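Trainee: Before anything else, here's the structure in question.
The values are calculated or read from the model by the stated rules, or taken from the named source; none is laboratory data. The model shown is predicted, which means the values in this text are computed figures rather than measured ones. Glycine gets a Cβ as well: all are built from the backbone with ideal geometry, and neighbour counts include every protein chain shown. Protein only, heavy atoms only, side chains kept; ligands, DNA and RNA dropped before computing areas. Shrake-Rupley method; radii C 1.70, N 1.55, O 1.52, S 1.80 Å.
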Amino acid sequence: MKERIIRQGYDPVRWSECWAWYGTPEMAVAMWMDEVPPNDPHRRTILSTWLTEVGVGVVPAAEGRGYYFIADFGAPR
């Protein structure tokens, strides 16, 4: 993940990623945010105060089976 982020020209001091395969963005965000502590890595990433920037990508899945939603989080140097 870090290599992919750097390849796009972003050199973070910290980074993390959330991804999901769902039919809508609302479903992906609901999955991330409905996690229950202590098993809530996506929710903690989204709510983190030490990650201050985000880049989001959406790619259609094969054969019309929803989308891949990718959110890369970082903190700039």
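Trainee: Accessible area per residue, 1.4 Å probe, Å², for the chain: what's the number?
Mentor: Each residue of the chain exposes 70 Å² on average to a 1.4 Å probe.
Trainee: Would you mind checking which residues have amide H under 5 Å from residue 14's amide H? H placed 1.01 Å from N; only 5 or more apart, or other chain.
Mentor: The answer is 75.
Trainee: Separate question: Please list, ordered by chain and number, the residues whose modelled amide H lies under 5 Å from the amide H of residue 40; skip anything fewer than 5 residues away on the same chain.
Mentor: When sequence neighbours closer than 5 places are left aside, there are no close amide H contacts.
Trainee: Then there is this: Pull out the extension gain between residue 59 and residue 8, defined as 0.36 nm times the separation in residues minus the alpha carbon to alpha carbon distance; nm, one decimal.
Mentor: Full extension from residue 59 to residue 8 adds 16.7 nm.
Trainee: Using only helices, what value at 222 nm comes out for the chain when you add -39,500 (n - 2.57) per DSSP H run of length 4 or more and divide by the total residues, to the nearest 500 deg cm²/dmol?
Mentor: That comes out to -7500 deg cm²/dmol.
Trainee: Hey, another quick one. Please compute the net charge surrounding residue 57, taking Lys and Arg as +1 and Asp and Glu as -1 over other residues with Cβ under 15 Å from its Cβ.
Mentor: -1
Trainee: Work out, step by step, the length gained on full extension between residue 36 and residue 21: first 0.36 nm times the residue separation, then minus their alpha carbon distance; give nm to one decimal.
Mentor: Contour length minus the Cα-Cα distance gives 3.5 nm.
Trainee: For the stretch 28-42, what does the Karplus curve 6.51 cos²θ - 1.76 cosθ + 1.60, with θ = phi - 60°, yield as ³J(HN,Hα) per residue in whole Hz, taken in order and with x for Gly and Pro?
Mentor: Working through the residues one at a time gives 5, 5, 4, 4, 4, 7, 8, 5, 10, x, x, 9, 9, x, 5 Hz.
Trainee: Another question about this same structure. Each residue of the stretch 19-25 in turn: what ³J(HN,Hα) in whole Hz from Karplus with 6.51, -1.76, 1.60 and θ = phi - 60°, glycine and Pro shown as x?
Mentor: Each residue of the stretch 19-25 in turn: 9, 8, 10, 9, x, 9, x Hz.
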